[in-house]
Amino acid sequence: MSEADIVVIPVRIQSRNVLDRQHWAVKRRTKQEYALLIRNQIKRKQISKAEKKKYKLIILSYRKRKLDPDNLVGGCKGLIDALIQEGFIFDDSPDYIDLKVEQFTAKEYQTIIIRK
């Protein structure tokens, strides 16, 4: 594993408020899209699967308009589940990740995930 493994996906993380109103099938489809994009980046960059240890996980959300911090973190649930599914992180419990989520305004939507 390198110093930091980085995955870049061209998606906007939806707010927790939006996710709470979605049908379960829509949430599932979104998680599958995240998983596909993450899997592609892992294969392309030859990123190794996560070991059973604690990682610092940083999620950077570039978006047109900022969200309330709690809505952004809650909106990352499907993304984090997809990261586990694809082996980028071992588990989402505090024993295995130290999570930091930040957001920036930008013209294009993009999400950068960094594992240290």
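The values are calculated or read from the model by the stated rules, or taken from the named source; none is laboratory data. In this text the structure is predicted, and so the values were computed from the model without any measurement. As a convention, Cβ positions derive from the backbone with ideal geometry for all residues, glycine included, and neighbour counts pool all protein chains shown. Ligands, DNA and RNA are excluded from the accessible area calculation, which covers all protein heavy atoms including side chains. Shrake-Rupley method; radii C 1.70, N 1.55, O 1.52, S 1.80 Å.
Here are a few things to note about the model shown:
- Within region 23-57, the set of residues being among the small types (Gly, Ala, Ser) and over 12 Å from the mean Cα position of the chain (by Cα) comprises Ala25, Ser48, Ala50.
- Scanning region 86-116 for residues that are open to solvent by 20 Å² or more (accessible area, probe 1.4 Å), of a type in the set (A, V, I, L, M, F, W, C) and under 13 Å from the mean Cα position of the chain (by Cα) turns up Leu99, Val101, Ile112, Ile114.
- One residue stands out in region 64-85 among those that are open to solvent by less than 50 Å² (accessible area, probe 1.4 Å) and either assigned to a loop (DSSP other than H, G, I, E, B) or among the basic types (Lys, Arg) (or both): the one that is farthest from Phe104 (Cα to Cα), namely Cys76.
- Selection status of Ser48, polar (S, T, N, Q) and touching a helix residue (DSSP H, G or I) at 6+ places or on another chain (Cβ under 8 Å): no
- Residue count for region 13-52 satisfying the condition of being part of a helix (DSSP H, G or I) and open to solvent by less than 80 Å² (accessible area, probe 1.4 Å): 13.
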